[in-house]
Amino acid sequence: MSMQQLLGSAAAREAIVLPYRHVDTHFIDGVWIASTTTARNDVTDPATALVWGSVAEGTTEDLEKAVVAARTAFDSGPWPRLAPSERAVVLLRVADQIEARSTELSLTNTLENGSPISETKGAAANAASIFRYFASLAPLLESEDVRPFPNGLGESLVRRDPVGVCGLIAPWNFPINLMVIKLAPALLAGCTVVMKPASPTPLSFRIIMDALAAAGVPDGVANLVTGSGRLGDALVKHPLVNKVAFTGSTPVGRKIASACGELLRPVTLELGGKSSALVLPDADLDAMGSNLIRSCMRNTGQTCYISTRILAPTQRYDEVVELVTSTISAAPQGDPLDPATVFGPTATASQYRTVLDYIESGRAEGARATTGGHKVQLGGGLDAGYFIAPTVFADVTPGMRISREEIFGPVVSILRYDGIDEGIALANNTEFGLGGLVFGADTDAAQAAAERMDTGSVGINFFASNHAAPFGGRNDSGLGTEYGPEGLAAYLSYKSIHRR
Ligand code: NDP
C-alpha cells in the first residue's frame, strides 16, 4: 500500500503491517515473557484518537524478574567482563540491526505519538549513529590511566568500572532516541539495564529490543518492562538498582531526585525547558526563517530544547513577528503519515488539553495570536485527532505564563527587548536552562551573546544536538549530562588503586 493510500483512513491504518500492536509480554532475560497480569494499557493514535494497540501494565512481580535478570547478568554474566572493544563490536552490530528495522520503527513511532513521518523516518539512523558513536569511545575505556602521586610516593591506577544495574526511563516525545542515548553508553560501559518507556509510546522500543537480541547482546543485559509511572517509581527505588537515568518532566524529575537522594543513588535527569532564541539587530531574517521550525517548533513543539521564546529587538520587532507568523502559518499541518506534513497532532489527549489551556491563558493575559490559537478538525478520518493550529503569540511580556512555563506544544511567544543587556537578562529570566539560540550576522557578537546565556546548550544561527558534545540542563532543566565522553562517564564508577 502506498503512503498516499494510508493517509486519513482508519481502515488503511489498520492494514499497516507492524511487528507489534496488541502484546502482553515484557522482555526479560533475553526473551519475551508473559506479564503476570491481564491488565492492559491502550496505545492511541493521536491523529485519529483511535486505539490501535495495547501493552501489559507491568506489575512489581514483572519488574522484580527484570531487575533480578539484570543483576545476575551484571554480577555473573559475560557482558561486564568483556573488553570494551568487544562490547563495541556488539554495539556496531546493534546499529546495523536497528537500521534494518527503520520502516517499522518509524511507522510505529508515528502511530504512537503523532510525530510526523518526516521526523520519525530518521529515528533508526539517529539511534544507529548513537550506538556507533559510543562504540567509537571504547579506546577511552581501554587506555590505562596511571597517575603519579604529586609527592612522589608512588602511583595510582584509575579504573573505570561499570556502575552496575541501571534503571532507564524515557518520555513519549522521542521514545527511541531518548532511551537509546542512555542505553548505548550504559552498554559500552559494561552495565546492565532495565528500561521503562512512557505509557503513550510503549511499542516502538520493542523493535529496538529485537535488534539488541539479533545483534547478540547477552541474555539479561537489556530488559524492558511496560507500565505506568508507578512502575517507574518502583524501578527508581529498587534495592538492586545502582543508577537511574531519566528524561521527562521537571516535577517527576524532582520526585526521582528526592528518592535517589535518600538512597544516595547516582541519577541523571534531563528535564523540561523554556529556551530563548535571541535575535540580534543584525540577524539575517531569511536565514532565520529557514531554521525557525526546526529550532523553535520541532516535532509540533514537543521537543525539550527548542527555543519557544523568541526575543526580538524593538527596532525589528514587527519584521520578526511577520517572519515567524508567515513561516509557521505556511508549514503544512496534517496526517503525520504524510511525508509532506510538518505539524502533526499533539501526542496525547491530556497534552492537547494542556496546550489549549495555555493558549487561553495567553489570550487572557493580553498576548495577541498572529496565527493559530485554535483547535483544528481535519477531515477524512482525522476529525477526532488532537490537532492544534500552530500558534504564534506576539506582544508577550515576561510575566505571562506562556512566557515562563513549558507548554510542550505548537506555540511560540515573541517578546521585545531594548539593548543586548536586556536581551540577555530576558533569556536568563527563566527557571530552566536547557537550550537556546542566537540569530546574528556578526558571528563574534553572536558567540559573545551565547556565552552569556545561562543554559546547557546554545546554537548560533541553528540548533542541533551533537552526539560528541555534552547535552544537559542547568537549574530546573536537570542534573548531569548525556552524549559525549561526559555522557559515558555517567555510567562509570571510578576506583583508584594506589601502588608504590
Ligand atoms: P513525565 O515526567 O510525565 O514522564 C516521563 C517518564 O517517567 C514516563 O516514562 C513516565 O511514565 C515516567 N514516570 C512518571 N512518573 C514517574 C515516577 N514517579 N517515577 C518514575 N517514573 C515516572 O514526562 P512526559 O512523558 O510527559 O514527557 C514530557 C516531558 O519530558 C517534558 O517536560 C519535556 O521537556 C521533557 N523532556 C526532556 C528532555 C531533555 O532531554 N531534557 C527531552 C525530551 C522531553 P508514564 O508515561 O507511564 O507516566
ask   = If the label point is 7 Å along Cα→Cβ of residue 318, which residues in the stretch 418-449 have backbone nitrogen under 19 Å from it?
value = 418-419
remark   = With +1 at each Lys and Arg Cβ and -1 at each Asp and Glu Cβ, the charge dipole magnitude of the chain around its Cα centre, to the nearest 20 debye, comes out at 1200 debye
request  = Kindly count the pairs of lysines across the chain whose alpha carbons are less than 16 Å apart, treating pairs on different chains or eight or more residues apart as eligible.
outcome  = 8
remark   = In nm, the gap between the two label points placed 7 Å beyond Cα toward Cβ at residue 286 and residue 431 is 4.3 nm
query = Toward the positive end of the charge dipole of the chain, about the Cα centre and with charges on Cβ (Lys, Arg +1; Asp, Glu -1), which of 494, 313, 371 goes farthest?
reply = 494
key: Residue among 358, 285, 463 farthest towards the positive dipole end of the stretch 276-466, charges placed on Cβ   = 358
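Taking only the alpha-carbon atoms of the chain, what semi-axes of the equivalent ellipsoid follow from 5 times the gyration tensor eigenvalues under a square root, in whole Å, largest first?
Working through the eigenvalues yields semi-axes of 38, 30, 19 Å.
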task = Write down the Kirkwood hydrodynamic radius of the stretch 276-466, to one decimal in angstroms, obtained as one divided by the mean of 1/r over all alpha carbon pairs.
result = 16.6 Å
ask   = When only C-alpha pairs under 8 Å and at least 6 residues apart count, what is the relative contact order of the stretch 306-452, in percent?
value = 27 percent
message = Net charge around residue 157, counting only other residues with Cβ within less than 15 Å of its Cβ (Lys, Arg = +1; Asp, Glu = -1)?
response = +1
key: Gain in span if fully extended, residue 329 to residue 82, counting 0.36 nm per residue against the direct Cα distance   = 83.6 nm
request  = Mind checking the full-extension length gain between residue 40 and residue 75? Use 0.36 nm per residue of separation minus the Cα-Cα distance, one decimal, nm.
outcome  = 9.3 nm
inquiry  = Counting other beta carbons within 10 Å of each residue's own, what order do 255, 495 fall into, fewest first?
reply    = 495, 255
request  = Treat the count of other C-beta atoms within 10 Å as a stand-in for reagent exposure and order 290, 307 from fewest to most.
outcome  = 290, 307
ask   = Got a sec? How would 238, 22 order by Cβ neighbour count within 10 Å, fewest to most?
value = 22, 238
Relative contact order for the stretch 149-260, counting Cα pairs under 8 Å that sit 6 or more residues apart, in percent = 33 percent
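At a Förster radius of 60 Å, what calculated FRET efficiency corresponds to the Cβ-Cβ distance of residue 499 and residue 361, to the nearest 0.05? Each step should come with its number before you reach the end.
Working: r = 63 Å, r/R0 = 1.06.
For residue 499 and residue 361, the calculated efficiency is 0.40.
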key: Length added when fully stretched, residue 464-residue 448, from 0.36 nm per residue minus Cα-Cα   = 3.8 nm
query = Quick one: if you stick a label point 7 Å off each Cα along the C-beta vector at residue 249 and residue 474, how many nm between them?
reply = 2.6 nm
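The numbers here are math on the coordinates, done by the rules we state, and not lab data. Just so we're clear, the structure is a prediction, and the values are computed from it rather than from any experiment. Reconstructed Cβ throughout: ideal geometry from the backbone, glycine too, with neighbour counts over all protein chains shown.
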